[in-house]
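First up is the structure itself, then whatever we jot down about it.
The values are calculated or read from the model by the stated rules, or taken from the named source; none is laboratory data. Here the structure is a predicted model, which is why all the values come from computation and not from measurement. Cβ placement follows ideal geometry from the backbone for every residue including glycine, while neighbour counts extend to all protein chains displayed.
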Amino acid sequence: MVGPLAIFVASLGVAVLALAFSLKVRRTRQLEAAKASFPPGPKVAVMPILDAWVKYREWGEQYGDLVYFPESNTLITNKAEVAIDLLEKRARIYSDRAMTPVMKLCGGENLLSVECYSEKWRKDRRVFQQTFRQAAVHQFYPSQYNKVHEFLRNLVSAPDNSLDHIQRLSQGLVYKSLYGLEIGPEDDIARKAVSCVEAFARALLSGGFPTYEMFPWLVYLPSWFPGCNFKRIASRCGRVIEEIDTVPFDIAMTNLKNGVCSSPIAELASSRPEDVKEIKAMGTMSFIAASDTTMSSISSFLLAMCMHPEVQAKAQEEIDRVIGRDRLPTFEDRRSLPYVEGVYREVMRLDPPIPLGFPHLSTEDDFYRGYHIPKGCSVVANIWAMNRDPNVYPDPDAFKPERYMNSPNGPFESIDNIYAYGFGRRVCAGRYMADNTVWLAVASVLASFNLGKAKDENGNEIPITGEMTDLFFRHPRPYKSSITPRSHLAEDLVLATVEA
Ligand code: HEM
């Protein structure tokens, strides 16, 4: 039998070994740090803000897979394998976020996407996963059909306002699917939420509040003081978050209580009253994270179809052959439509809504490919550039759904390989829902409409330049297009969805 003394001696031995090991690791790291230099990079006074992803790619071509800026402790990579090595395989140390004072002022500490990597983040993310995990997202199918079909009907009645209709779909879906509410972009709560997203986008960009970033002590001065406007914006943002957290949530709870309708958020809050604060924040976070990104993807898809009629025709031929022309696509059809899947994947590849993702902050010194990546480094994955890497995607700028048919994994490989959704432990928490929404919109539009260039008064086609916005979120700039039902039958099918 093993006596207490033996156990004590053994434990002591283990503790000594562990201590020696950790000292050795620390010593090795110190030696590595002494030997390793930072990755190379250009000297720049101010980082680019507009179309930054293009400049970052140029720097990558000049300096290699890792481009480092010591002044701001920022590392940029244009290579997917580097993002995977660091942000996924070493996720333990690359999952933090930089909570800047501006974001804190704006109330960002309660928003999952900008929260630091902490116990609080873990708890908030768990609440999110429970609702948005792969096995749970079928609960959103009815709302997704409802909102995508409403979108199709709006395209029939007012084809020239496609961007407005996409906005209605992207925003309305969050309220419908989480709270069971019909809220459109014209409603006060949605308008306030949009203004909050704008303030956050500004807070996230370095240079968004230049005076405060240069002189943080300005926070102690009143908001009317010159240069202190940021305080007014931040405090408004905090108040708006409180309101958009509470108003739809309270209506959803009342509806559940009065038997009007149930909703995922009200049911979750009833079963976990101790987590109400996190559940409310999940609703707000979903709106902030979902509306612009979903809108960007669907509008990029419409633009791509206007610019690539040959792709559109092939996808329509597949839909007609596989499901016929007498009904609209459903989620059950997805696996039977490989070319349509390729169309969706090409949209996400060429037009990731957030081309630079969100930076991941490192929490320890690290050594990679002989370089030292210091603790606190902000790692930026240039998703836009990695999706156009010619070594991975031959003829990278071409919109070619065929490339997925010929790839070893086929078109239906895991959505974890869609880099537009980010990387590692901070990967998009709503990606399974987003993936379904965008796919359903893609398949339903292709089944119902012909998209192309609009014509001027002389009958000549108006060229489409395909210009995109250049700041943080990327989406098509307004352009003229022609969107018409494919046939009378297609129009009837779309209009009949009003009963659903
Ligand atoms: C096409 C649509 C979407 C795209 C392209 C997208 C993309 C992204 C990206 C790039 C990130 C940052 C990932 C990283 O840090 O590596 C992110 C984070 C996030 N997304 Fe999405 N997203 C989409 C839709 C949604 C939807 C519908 C929701 C929820 C309803 C959502 C919720 C979130 C949340 C909560 C985070 C923060 C995760 C964290 O920091 O832990 N997203 N998304």
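Out of curiosity, is Leu356 surrounded by fewer than 19 Cβ atoms within 10 Å (Cβ to Cβ) and within 16 Å of the ligand (Cβ to nearest atom)? Talk me through it step by step, then tell me what you get.
On the way: surrounded by fewer than 19 Cβ atoms within 10 Å (Cβ to Cβ): yes; within 16 Å of the ligand (Cβ to nearest atom): yes.
Considered against the rule, which asks whether it is surrounded by fewer than 19 Cβ atoms within 10 Å (Cβ to Cβ) and within 16 Å of the ligand (Cβ to nearest atom), Leu356 comes out as yes.
Tell me, please, whether a residue that is modelled with pLDDT of 95 or more and part of a loop (DSSP other than H, G, I, E, B) can be found in region 147-160.
Step one: of region 147-160, the residues modelled with pLDDT of 95 or more are 147-160.
Keeping just the survivors that are part of a loop (DSSP other than H, G, I, E, B) gives 158.
So far as region 147-160 goes, yes, one or more of its residues are modelled with pLDDT of 95 or more and part of a loop (DSSP other than H, G, I, E, B).
Does Met305 meet the test of being near the ligand (Cβ under 10 Å from one of its atoms) and assigned to a helix (DSSP H, G or I)?
Numbers: near the ligand (Cβ under 10 Å from one of its atoms): no; assigned to a helix (DSSP H, G or I): yes.
So Met305 does not fit the description; no.
Let me spell it out: the conditions are (1) surrounded by 24 or more Cβ atoms within 10 Å (Cβ to Cβ); (2) within 24 Å of Pro264 (Cβ to Cβ); (3) not basic (Lys, Arg), and Cys428 meets all of them except one. Which number is the exception?
(1)
From (1) within 16 Å of the ligand (Cβ to nearest atom); (2) of a type in the set (A, V, I, L, M); (3) within 30 Å of Pro476 (Cβ to Cβ); (4) in contact (Cβ under 8 Å) with a residue 60 or more places away in the chain, pick out the condition that doesn't hold for Val340.
Against the list (1) within 16 Å of the ligand (Cβ to nearest atom); (2) of a type in the set (A, V, I, L, M); (3) within 30 Å of Pro476 (Cβ to Cβ); (4) in contact (Cβ under 8 Å) with a residue 60 or more places away in the chain, Val340 comes up short only on (1).
Given the criterion within 16 Å of the ligand (Cβ to nearest atom), assigned to a helix (DSSP H, G or I), farther than 15 Å from Ile265 by Cα and in contact with a Lys or Arg (Cβ under 7 Å, 6 or more places away or on another chain), identify the matching residue among Leu169, Leu112.
On the way: Leu112 fails: assigned to a helix (DSSP H, G or I).
Within the list Leu169, Leu112, the selection yields Leu169.
For region 115-144, give me the residue count where each residue is surrounded by 15 or more Cβ atoms within 10 Å (Cβ to Cβ), of a type in the set (A, V, I, L, M) and more than 10 Å from the ligand (Cβ to nearest atom).
Counting residues in region 115-144 that are surrounded by 15 or more Cβ atoms within 10 Å (Cβ to Cβ), of a type in the set (A, V, I, L, M) and more than 10 Å from the ligand (Cβ to nearest atom) gives 1.
Search region 279-303 for residues that are over 22 Å from Lys453 (Cβ atoms) and in contact (Cβ under 8 Å) with a residue 24 or more places away in the chain and pair each with any residue that is near the ligand (Cβ under 8 Å from one of its atoms) and among the aromatic types (Phe, Trp, Tyr) when their beta-carbon atoms are under 6 Å apart and the residues are at least 6 apart or on different chains.
Once the first residue is over 22 Å from Lys453 (Cβ atoms) and in contact (Cβ under 8 Å) with a residue 24 or more places away in the chain and sits in region 279-303, its partners that are near the ligand (Cβ under 8 Å from one of its atoms) and among the aromatic types (Phe, Trp, Tyr) give Met282/Phe128.
Give the number of residues within region 101-135 that are in contact (Cβ under 8 Å) with a residue 60 or more places away in the chain and of a type in the set (Gly, Ala, Ser).
Final tally of qualifying residues: 3.
Any chance you could count how many residues in region 249-278 are within 19 Å of Asp124 (Cα to Cα) and surrounded by 18 or more Cβ atoms within 10 Å (Cβ to Cβ)?
So the first thing to find is which residues in region 249-278 are within 19 Å of Asp124 (Cα to Cα), and the list is 249, 264-278.
Imposing the further condition that a residue be surrounded by 18 or more Cβ atoms within 10 Å (Cβ to Cβ) reduces the set to 249, 264-266, 268-269, 275, 278.
Number of matching residues: 8.
Among the residues of region 135-145, is there at least one that is assigned to a loop (DSSP other than H, G, I, E, B) and either touching a helix residue (DSSP H, G or I) at 6+ places or on another chain (Cβ under 6 Å) or not small (Gly, Ala, Ser) (or both)?
As a first pass, look at region 135-145 and keep what is assigned to a loop (DSSP other than H, G, I, E, B): none.
No, because not a single residue in region 135-145 is assigned to a loop (DSSP other than H, G, I, E, B) and either touching a helix residue (DSSP H, G or I) at 6+ places or on another chain (Cβ under 6 Å) or not small (Gly, Ala, Ser) (or both).
In this structure, is Phe287 within 14 Å of the ligand (Cβ to nearest atom), at pLDDT 90 or above and within 21 Å of Val197 (Cβ to Cβ)?
On the way: within 14 Å of the ligand (Cβ to nearest atom): yes; at pLDDT 90 or above: yes; within 21 Å of Val197 (Cβ to Cβ): yes.
Yes.
Say whether the condition of being out of contact with any strand residue (DSSP E or B) (no Cβ under 7 Å at 6 or more places or on another chain) and within 25 Å of Asp435 (Cα to Cα) is met by at least one residue in region 91-102.
Narrowing region 91-102 to residues out of contact with any strand residue (DSSP E or B) (no Cβ under 7 Å at 6 or more places or on another chain): 91-92, 99-102.
Next, only the ones that are within 25 Å of Asp435 (Cα to Cα) stay: 91.
So far as region 91-102 goes, yes, one or more of its residues are out of contact with any strand residue (DSSP E or B) (no Cβ under 7 Å at 6 or more places or on another chain) and within 25 Å of Asp435 (Cα to Cα).
Take Glu186 and decide whether it is modelled with pLDDT under 95, assigned to a loop (DSSP other than H, G, I, E, B) and within 12 Å of the ligand (Cβ to nearest atom). Don't jump to the end; show me each part of the working.
Numbers: modelled with pLDDT under 95: yes; assigned to a loop (DSSP other than H, G, I, E, B): yes; within 12 Å of the ligand (Cβ to nearest atom): no.
In short, no.
Can you tell me which residue within region 117-131, out of those that are in a helix (DSSP H, G or I) and aromatic (Phe, Trp, Tyr), is nearest to Arg92 (Cα to Cα)?
Of everything passing the filter in region 117-131, Trp121 is nearest to Arg92 (Cα to Cα).
From Ile93, Ile49, Ile84, which residue is modelled with pLDDT under 95 and either within 14 Å of Phe423 (Cβ to Cβ) or away from the ligand (no atom under 16 Å from the Cβ) (or both)?
Working: Ile93 fails: modelled with pLDDT under 95; Ile84 fails: modelled with pLDDT under 95.
After applying the criteria, what remains is Ile49.
Any residue that is assigned to a loop (DSSP other than H, G, I, E, B) and either surrounded by 20 or more Cβ atoms within 10 Å (Cβ to Cβ) or of a type in the set (Asp, Glu) (or both) - is there at least one of those in region 210-223?
Checked against the condition, which is being assigned to a loop (DSSP other than H, G, I, E, B) and either surrounded by 20 or more Cβ atoms within 10 Å (Cβ to Cβ) or of a type in the set (Asp, Glu) (or both), region 210-223 yields no hits at all.
Sort out which residues of region 136-148 are hydroxyl-bearing (Ser, Thr, Tyr) and free of Cβ contacts under 8 Å to residues at least 60 places away in the same chain, and write them in order of number. Quick ask: steps written out before the conclusion?
First, pick out the residues of region 136-148 that are hydroxyl-bearing (Ser, Thr, Tyr): 141, 143, 145.
Passing the criteria: only Ser143.
Since Asp389 meets every condition but one in (1) more than 16 Å from the ligand (Cβ to nearest atom); (2) outside any loop (DSSP other than H, G, I, E, B); (3) within 30 Å of Ile49 (Cα to Cα), which condition does it not meet?
(2)
Specify the residue that is farthest from the ligand (Cβ to nearest atom); the eligible residues are those in region 414-444 that are part of a loop (DSSP other than H, G, I, E, B) and either in contact with an Asp or Glu (Cβ under 7 Å, 6 or more places away or on another chain) or without any contact (Cβ under 8 Å) to a residue 24 or more places away in the chain (or both).
In the first step, residues of region 414-444 are kept if they are part of a loop (DSSP other than H, G, I, E, B); the result is 414, 418, 422-423, 427-430.
Narrowing further to those that are either in contact with an Asp or Glu (Cβ under 7 Å, 6 or more places away or on another chain) or without any contact (Cβ under 8 Å) to a residue 24 or more places away in the chain (or both): 414, 423, 427.
Numbers: Ser414: 16, Phe423: 4, Val427: 5 Å.
Once the filter is applied, the top-ranked residue is Ser414.
Of these, Asp351, Asp366, which one is touching a residue at least 60 places away in the same chain (Cβ under 8 Å) and more than 14 Å from the ligand (Cβ to nearest atom)?
On the way: Asp351 fails: more than 14 Å from the ligand (Cβ to nearest atom).
Of Asp351, Asp366, the one residue that is touching a residue at least 60 places away in the same chain (Cβ under 8 Å) and more than 14 Å from the ligand (Cβ to nearest atom) is Asp366.
Please identify the pairs in which a residue from region 43-67 that is surrounded by 13 or more Cβ atoms within 10 Å (Cβ to Cβ) has its Cβ atom under 7 Å from the Cβ atom of a residue that is among the acidic types (Asp, Glu), counting only partners at least 6 apart or on another chain.
Going by the 7 Å Cβ cut-off, the qualifying pairs are Asp51/Asp470.
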